Structures are given as C-alpha cells and as structure tokens.
Ligand code: NDP
C-alpha cells in the first residue's frame, strides 16, 4: 500500500492531463494513472487544427506529450496501468491497479474517457488518421471536395453527415437497416441536405487503401439483395456510438443507462471527493478543448474540497 495521496487522476487524455497541470500547480502532487489508451483519443489523431493557441495546428500525440511535460514540470507523477477495482465506499478511496499497485487517495478525478465504437474491419485501425475517423468536427476539414461516407443511423451519424456536407463533394450515409434511431428532426435535416445520400440495408465489408496508405474506397453489401459492390471514398467516418470507460465504478458512481457518469453539478459526482472530467461524462461536445476545460474544473473542485477539509 502506497502513502496517502491528495489527488489521483485516472486517464491521460486532454481532461486528465489538464487536471494534472492544475492540481500540480496547486502543489497537491497528483498521481496520474494513464489507463488503457495512453494519451486518449488524441493519441490516434494526426493534425489538430481547432485547439486554440496553435495557428499552424499540432499533431495529436505531440499536444498530449506537451501537456504531460507541462504537468511533470510542476511535480505531477505519471504511472502506466489500468484500474481494476475502485473502492469509493469510504475515504480515503482505495484503487487497485493492474500493475499490482494499491493506492489510497483523498480525492479522485475520473477522466477515463469514452472509446469510439468501431466496426472491426481488417484495415480500420490501421487507417485511423489516414481517412478513417470517428470525429467529423476534428477531421472533416481535411476532406474538402472529396467523397466522404458516414456509417450509422443515430443522431451522431446525422450530425456528422450534415457537418461533413460543408466540406465533402458528396456525403453517403450507410446504415445497416432502414430504421433509424436518429431523432426525426436530425433525420429530416440530413434527408433535406442535397449533398447527403442514404444507402440503407447496407453494411461495409472492407476499406481499401490501394497502394496509397490512405482510404481510397470501400466494399459494400446490401443485406437484403446480398449484392456486393465497390465505391470510391476518401473520408470514412464511423458514427456507431461510444462506450464510456466506467466499468470499475459501476454500482458506486451514478451512471446513466449508457454508462456515462451523471454530473451532480460542476465536476461533482454523487460521491464527495470524486470528480468527473471529459468524455466520461460528456456525450455531447467531446472536443479536446472542452475536455481540457472540464479537467481544469475538476482540479479546482478537488483543490477546494481538500481545502475545506483542512488539507
Ligand atoms: P446511437 O446508439 O443512437 O446509434 C448508433 C447507430 O449505429 C445505430 O443506428 C446503430 O444501428 C448503428 N450501429 C451500431 N453498431 C453498429 C455496427 N456494428 N455496424 C453498423 N451499424 C452499427 O449512437 P449515437 O452516437 O448516434 O448517439 C448516442 C446518443 O447521443 C443518443 O442518445 C443521441 O440522441 C445523442 N446525440 C445527440 C445529438 C444531438 O442531439 N445533437 C448528437 C449526437 C448524439 P441499429 O439502429 O441498427 O442498432
């Protein structure tokens, strides 16, 4: 069992790193446990052009590395590993890490993020950042006058299709059935968009990168007629939902039906001393800058909580 810590931060995306910078500068000597996807979603992004302060853009992994160095400069510690179990029933909280560590902490900032759901196609992971994306707001700009495709039939898919129509020469929404989970208004808006075309009852069987290392096309199959055919595509946006990384907290933190943390105001959860930051609570904005802002809020709340308790 390690010494009792003031602050442990779970997750190393924008939210976790920003919480580390703020709590380190407040002299709380935070420990950040990096989690299963070190660097979070930015670690699998290439150019980030919408994070303020970088007029020429910055590579996602570099932005994360910069934040980490900034936090370490003020005394934050980083540890690799993933939380296996968290006991939040009494204070201090106890965390079991998969590297064998058992940690006790006065406050906890949960910034474990949400992972995009993927189709699981052979080339999909390899082509992330090279035409395959799960975020139109982040990557749509790179497909000006190019052919893009969105997979999914929910609100995310409709929102992405409408957004991408500002850039792409054409936007094809491919959905595996003809029943849409998307709300009526979002669906109607996409249907009324002259650049958006719907391909229903259809699944993607393969993503091609013929000799280029970037997306060149896809193989589609109509599940009713069983007909397969190829289609030229340059931007392939997967919008089939996200999975919040909250499993170790189930039954302790208030979670909604999809597993997202329910906020109890500001960065507070239902448990005093446990705070949320970033996509683990946010199903709406999901941006690097909003996650960073949420990390700052959680850090300030943790600091105030400790101060009120006389630490
Ligand atoms: P949803 O779960 O609502 O929709 C997921 C879609 O992906 C469904 O059409 C589903 O198809 C499809 N899908 C799932 N798995 C696969 C697969 N393996 N292959 C092919 N298709 C698949 O997720 P969203 O991200 O769209 O939305 C999540 C929540 O966020 C919702 O509550 C939504 O309302 C909300 N939201 C709201 C927005 C807004 O109001 N502006 C914007 C974005 C999201 P099927 O139906 O056949 O299962």
Residue within the stretch 97-114 that is at pLDDT 95 or above, more than 30 Å from residue 305 (Cα to Cα) and either within 13 Å of the ligand (Cβ to nearest atom) or buried (at least 18 other Cβ atoms within 10 Å of the Cβ) (or both) present: no
Subset tally (residues that are touching a strand residue (DSSP E or B) at 6+ places or on another chain (Cβ under 6 Å) and either near the ligand (Cβ under 10 Å from one of its atoms) or closer than 25 Å to residue 181 by Cβ (or both)) for the stretch 125-142: 5
Count of the stretch 11-35 residues which are buried (at least 16 other Cβ atoms within 10 Å of the Cβ) and either outside any helix (DSSP H, G or I) or on the phi > 0 side of the Ramachandran plot (or both): 11
Subset of the stretch 158-198 (residues that are within 21 Å of residue 142 (Cβ to Cβ) and out of contact with any helix residue (DSSP H, G or I) (no Cβ under 8 Å at 6 or more places or on another chain)): 165, 169, 170, 172, 174, 195, 197
Failed criterion for residue 188 (all others in (1) without any contact (Cβ under 8 Å) to a residue 60 or more places away in the chain; (2) within 14 Å of the ligand (Cβ to nearest atom); (3) surrounded by 15 or more Cβ atoms within 10 Å (Cβ to Cβ) hold): (3)
Selection from the stretch 36-84 of residues that are modelled with pLDDT of 95 or more and part of a helix (DSSP H, G or I): 62, 63, 64, 65, 66, 67, 68, 69, 70, 71, 72, 73
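Taking the stretch 274-296, which residues are crowded, with 21+ Cβ neighbours inside 10 Å and either without any contact (Cβ under 8 Å) to a residue 40 or more places away in the chain or not in a helix (DSSP H, G or I) (or both)? Explain how you work it out, then say what you get.
First, pick out the residues of the stretch 274-296 that are crowded, with 21+ Cβ neighbours inside 10 Å: 274-282, 288, 291-292, 294-295.
Passing the criteria: 274, 275, 276, 277, 281, 282.
The values are calculated or read from the model by the stated rules, or taken from the named source; none is laboratory data. This one's a predicted model, so the numbers in the text were calculated from it and none came from an experiment. Here the Cβ is made from the backbone with ideal geometry for all residues, glycine too, and neighbour counts use every protein chain on show.
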